[in-house]
Each structure stands twice: as structure tokens, then as C-alpha cells.
Amino acid sequence: MKTFRSEIENPIVEKEIIDLEKKIHLFRGGQIDDERFRSLRLARGIYGQRQEGVQMIRIKLPYGKVTSEQLKRITEVSDKYSTGRLHITTRQDIQIHYVSLDRTPELWSELAKDDITLREACGNTVRNITASELAGVDVNEPFDVSPYAHGLFQYLLRNPICQEMGRKFKISFSSSDEDTALSYLHDLGFIPKIVNGQKGFKIMLGGGLGSQPSHAELLSEFVPVNQIIPTAEGVIRVFDRYGERAKRLKARMKFLIKDLGRDEFLRLVDEEKKALPFHTYEIDTTAFEGAIAEPLLEVPIVTIEDVEAFEAWKKSNVIPQKQAGYVAIGIKVLLGDFYTDKARLLADLIKNYGANELRFSLRQNIVLRNIKEENLAFFYQELAKLDMVNLGYNTIGDITACPGTDTCNLGIASSTGIADELERVLKAEYPQFANNTEIAIKISGCMNACGQHNMAEIGFQGMSINSGKLVAPALQVLLGGGILGNGNGRFSDKVIKIPSRRGPEALRLILNDFEANANGSRFLDYYDAKGEKYFYEFLKPLADVTNLTEADFIDWGNADNYVKAVGVGECAGVVIDLVATLLLEAKDKLTSAQEVFQEQKWSDAIYLAYAGLVNGAKALLLAEKQKTNTHAGIIDLFDTVFIDTNKIELGKTFKELVYQIKANEPSEDFAKQYIQEGISFFETIENYRAKELANA
């Protein structure tokens, strides 16, 4: 078996990659259950594709920041293991597709050479922490949020509190009150504030999209910067313990807060304070301070031949920075897809003539930062060679779309195909909207809203529609969503469902009516003034399925008739319900707790022991066919089923044993005691299980 010792400097990453390779070997040999292996690989950024036998790899890029070296490394990996196409996601990650599972450890080892990770890019984990792509250069920001996003990312990566939660958990950092990182639809959303000279954040709690979008609630108007990590850890611990684990569609934090109520949820967070390893945590910001790096090479002086085109590009795609004399350049990337040949040249460009940094945006674009204003003509010339000067960055013509039926198991109808067609319509028929930044169009291939369709001014959701015995691809048209700023936003109304082929005509009708009747109003004000029923009525003729043509049964971007084929979704992992697997997992947690204890990481060791206790209890409860929806429920139910009935004797209740984690500070003595009690508990339940099997 190959090892990566000579290739990876970080021993933790090396161990993880070797472990992944071993687990793949065991899975191939039938020694690891398919569902358990799925959970393991998802937490390492490996996601099953719609196409059988290949994987999508999600590369985790905190707040979208990438250096030239990292971008080149990603291109090399994509060329070697994938198809050369890079896809920017709405969470600032990069995805590559059609990767063999057996090659993923080697792929990860290649990425690790430039400090790029796959950890917790998918699965029931804290996903990539996003931030406004202009953070650090935004003229409206109180301060740069980048170091705080980075600090929280580093703190949570591999942290035991967030490895196997009931569902995914999403965090964002906006650079200003404009809230371009969409705090109102995140589990935790941070908006920077300065109060009495002190830096801190307004924090929003429990937002989310999906089939039931939920606006985040206010956690606090102001939390000082040195308390955001303890605050986040307390919230995640409560979600991990009380969050739903069996009913996938009810397992996001927004549902837990709805069930408990905001005040009770925050009371439980407050209960966790004693168990936290830090009550304040200073985040080092020095790496983000200091002068902007000078270009490595002297920037050539160039003469622009088409001055009109250059000026139009500057107006559309160039953004002033707060640093005098510098600008950012927005590169509009159609559907978030670009290719390794151009990416390598772009990497050279920013290293030699820029400040060696770009950021991927939430709208699936690229932003070059810290470009000297005097060098804009040269950058325009070089980007034009790469076909990267298309106008309309962050405008109505800059459509966001998830991969949909191209590669995703959950896709119902094409999102990329219709997005491509709508962009064509806008460019060809509506040049007057070329610089409109108040209307966003977003498209998702299913209800899960990876394309964020239900928070856009104009949104489309992939669906299907019946016409007799036939099924055609369809679109739900949604209107009236948008960002209001400072933690507030609104979700779109579901107006009408139409055949997908009529999507362009729906857009035409909406824009034509807006031009004719808005009287200069902003789109959202116009929508509110007219009301949902008004739009339903003039779009209603498009919903008629009695007059479908052959073309209506062929989805955008496809040549064959539509077939509704939805696979097993992996976005949130799968609940593992095999007793033997859970017992093995519990034992692994306790072993890991002992290893971490030797590293003097008391809090991590305690939490791993906690996970071992709960997993062990869950295993026995499942053997008794008991429901185990939440960690808190498992703890209570174990006492009812085993302790109160004297089937198992612990000398105390299981609740008393487990909840010592909340009553004690994370000291060396308590960690040692708690781990030992966990080991004793495991021996007890293992003996009980053995007797039960012997008597069966």
C-alpha cells in the first residue's frame, strides 16, 4: 500500500490520507458497510455523482481565497485526476468531477503540498466558511473580516465538536452592512461592527434555504471579536447534542431553534460555557495586515486600441478599493465553469503582475484584488486574451446556477442549460439591463436550493410536470426575494410552475412588464406594489400543458427526451443504524480520546469521549429497536431502557455520567477521569451485548 510520508509535511494530514486509503481498501473488501463509508468519504470532500462509478471532489477554500501556487496546484490535480474543468460553487469552493474513488487519497496528497484541504467540504460538518469576496478591500467595511473567517475556519477544522452532526452547518462573514455574504440565511452569520472603538460582530442565528427557507434570528447585536469562537463553539455543541439525526428533512439547526425557541436555545448555549476550552479567544490578524505586495515583474505599458470597450469594461467590472490607487477586477465566469489552461495563465498573471491573490465569489465569479489602477490597461489586455473580460459582473446577466442534472444525484431538471439560454436572451434582447445590479437571477435544479433560487429577485427551481402519461421538465418561477442589508433579507414567492422550455418567455414577460409599469421603482418595490397574484395572472398562459410540443419534452442542454431520475442525495450524509458499526465507532472515539489526551488537548479528548459514550449507547438502543433521533434523546432513553430497568448497572445514571461534560471545566484531571469512565462504560455495554447475542 502506498504511503505519502515523503510528500506531505503535515503529519496530521498525512495520517488522514493514509487512513482514507485504508478505509477505501476495507470498503472494497466488504469490511466497511456502504452507508458508514459514505459518511466517512463525505466528510473528506468526496461526493457521489449522478454518473455511476465516479466521484465529485469538493476542494475547500475558506472565504474563497487562493494564491497563484494554490490555483496551479488545483489545475494540476484537475488535469491528472479529472477532466480539466473547474467549477466555482456558491460557497466559494472548487469542484472537480469524474474522479475515481481509488485515486482520491493520492489526489488529496497532491493538494496538501500547497495547504489545500478536502476536510469537511461535504457531509454533516461545518462546511466552507464563506465571506464577501471584497473583504479587506471593501470601501464600506468597518474592518477586514478575513482574519476572523480564517481564524474560525482553523479552529473548527478537525474539531471533534463538528465531525458527525445531524446535518451540515453553514457560516458566513459579510464585509459590511450590505451583507453580501447573506448572513440571514446561514446557521451563523457575522456582520462587522465597531462599538465605542471596539471591533465585534452582529451575529445572526439559524437561517437556511432548502425546501423551507427560514430567516435567521438575531443572536446578538454585538459580540467582541475575541468572543466569536467561544460563541460559535457553544452554538455548535448544542446543535450536535439536540439536533435531529433520524429525520433528514428536519435536521437543520433552523428546525431545532423553531422547536426549542430562540431563548431556550440560547439558554442551552449558555449552559455549555463551563465546558468550553476558551471563554475568550484572540484571533491573530497580523498575516492580513501590512503593505500590499509589489508585483514581481515590471508591468509593461500597453496601448488600448478599442478605448470604448475598455471604458465599458472598467465601468462594469472594475471596483474601487479602500486602498488608494488600487482596484479589484471582477471576472464574470459563465455558470462558474472555467478550465485549467486559462486558470494557469491567470495564476501567472496575478503572481507576476498583481499581489498573488484572487478570491472566488458567492456568485461563482473570480475577483482579482490589489491591482494598481495604473496597470488596468495591461490587465485588460491580458484578461482579454483569456476571454475573461465579459461585461456584467454581478449584474442581472450574471446568473447563478447549481450543476443540476449535469452531475448531481438530486437534480430534477437542468439548471445550467436554462441559465445559459437566459444569459443569451439578456445579452441579445435586453442590452438596456446590461448594468442592472438590483436584480439577481438564480437557478437550482431541485428544492435544495444550492443555486439559492429562493432568495433572488427572480428565481427558477427545477421540477417536473405531467402531461397525460408523459413527464416534461419544468421550472417553478419565484419572485420577490433579495438582500435588505444588516442581517435582513426576504425569500421569494412561488408564483407558478411552467414547462422548462418556456422559461425564457417567462423572463421576457417579467422584464417587459417591469419596464412598462415600474415607473422607475426598484424591482422589489415594483413587485410589492403589484402583488404575487398579478404576476401569476400574466404568466398563467405559460403553465398550460395541453399544448406541449415535442421540444417541451427535451430539457435545456440535452438532445434526448426528458427522464425524471433522482438518485440518493448525499448532501447531508446518511444515518448509520448498524449496531456493530456503531460499537466499533464508539471504540474508535475512545481510542482517539486517549491519543488526543497524550497531546494535552483536554477539551478535544473530553468531546471524543462524549461521542464514544453516546455512540455506544445508541448502538444498544438500536438493538432494542428504540428511536435515537438526537444525542439528548439517546442519553435520556438509555436510562429508561437499561438503567431504570436494572439491565445495566453503572453506579449512577447514564445522564449523570455523560453530562459531567457540562459541569466541569476541560482540565487534565477531568479529561483523564472522563475517558476512563468512557472506557469502563464501553466494556460494560460490550459485555451486555455479548450476553444478549449468546442468549438470542
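The values are calculated or read from the model by the stated rules, or taken from the named source; none is laboratory data. Note that this is a predicted model, so its numbers are computed, not measured. A quick note on method: Cβ atoms are made from the backbone with ideal geometry, for glycine too, and the neighbour counts reach across all protein chains shown. Keep in mind that these areas ignore ligands, DNA and RNA; they rest on the heavy atoms of the full protein, side chains included. Shrake-Rupley method; radii C 1.70, N 1.55, O 1.52, S 1.80 Å.
Quick look at the values:
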item: Unit charges on C-beta of K, R, D, E only; dipole of the range 125-198, Debye; result: 460
item: Of the GluC sites (Glu not before Pro) in the range 405-502, those whose Cβ has at most 13 other Cβ within 10 Å and which sit in DSSP loop; result: E438
item: Nearest-20 debye value, the range 18-87 charge dipole, Cβ charges on Lys, Arg, Asp, Glu; result: 200
item: Per residue accessible area of the range 286-342, 1.4 Å probe, in Å²; result: 61
item: Evaluated at q = 0.15, 0.16, 0.28 Å⁻¹: base-10 log I(q)/I(0), Debye formula over Cα of the range 49-106; result: -0.42, -0.48, -1.25
item: Neighbourhood net charge (13 Å Cβ-Cβ; Lys/Arg +1, Asp/Glu -1) for I283; result: -3
item: Built amide H within the under 5 Å cut-off of R50, gap 5+; result: C408, N409
item: Cα lying deepest toward the dipole's positive end in the chain, options S174, T340, Y659, charges on Cβ; result: Y659
item: Ellipticity estimate at 222 nm from DSSP helix runs (n ≥ 4, -39,500 (n - 2.57)) divided over the chain, nearest 500; result: -11500 deg cm²/dmol
item: Integer Hz, Karplus 6.51/-1.76/1.60 couplings in order for the range 416-426, x for Gly and Pro; result: 6, x, 5, 4, 4, 5, 5, 5, 5, 4, 4
item: Span from the the range 250-300 Cα centroid across to the the range 528-559 one, whole angstrom; result: 43
item: Accessible area (Å², per residue) of the range 576-646, counting only protein heavy atoms and a probe of 1.4 Å; result: 42
item: Those trypsin sites (Lys or Arg not before Pro) in the range 501-535 that DSSP places in a loop and that have at most 16 other beta carbons within 10 Å; result: R522
item: Nearest-ten-degree value, helix 602-623 long axis tilted from longest Cα axis of the chain; result: 80
item: Euclidean distance of C-alpha centroids, the range 173-209 and the range 18-64, integer Å; result: 33
item: Amide hydrogen neighbours beyond the local backbone of G489, cut-off 5 Å, H modeled; result: L484
item: Lysines whose Cα lies under 27 Å from that of K530, excluding same-chain neighbours fewer than 8 positions away; result: K427, K442, K494, K497, K540
item: Count of Lys pairs (Cα-Cα under 26 Å; at least 8 positions apart or interchain) in the range 211-292; result: 6
item: Environment charge at K540 (Cβ cut-off 13 Å; Lys +1, Arg +1, Asp -1, Glu -1); result: -1
item: Carbon plus sulfur fraction of accessible area for the range 599-696, probe 1.4 Å, in percent; result: 45
item: Whole-Hz ³J(HN,Hα) from phi, Karplus 6.51 cos²θ - 1.76 cosθ + 1.60, for the range 305-319, glycine and proline x; result: 7, 9, 5, 4, 5, 5, 5, 5, 5, 4, 5, 8, 10, 10, 10
item: Heavy-atom accessible surface of the range 121-187: percent carbon and sulfur, 1.4 Å; result: 43
item: Karplus-derived 3J(HN,Hα), 6.51/-1.76/1.60, for each residue of the range 458-474, Hz, glycine and proline x; result: 10, x, 9, 10, x, 8, 10, 9, 8, 9, x, 8, 9, 10, 10, x, 9
item: Charge dipole (the chain, unit charges on Cβ, about Cα centre) - positive-most of S146, G612, L583; result: L583
item: Those aspartates and glutamates that a straight Cα-Cα span of less than 14 Å connects to K80, excepting residues fewer than 8 apart in one chain; result: D102, E106, E110, D341
item: Point-charge dipole on Cβ atoms (K/R +1, D/E -1) for the range 410-537, about Cα centre, debye to 20; result: 400
item: Accessible area expressed per residue, the range 466-548, with surrounding protein chains retained (probe 1.4 Å, Å²); result: 46
item: Other-chain or far-sequence residues with amide H under 5 Å of I465's (modelled H); result: A472, A474
item: Listed residues I634, G485, I18: farthest to the positive end of the dipole of the chain (Cβ charges); result: I634
item: Share of alpha-carbon pairs per 20 Å distance bin for the chain, given as whole %; result: 17, 50, 29, 4, 0
item: Carbon plus sulfur fraction of accessible area for the range 375-484, probe 1.4 Å, in percent; result: 53
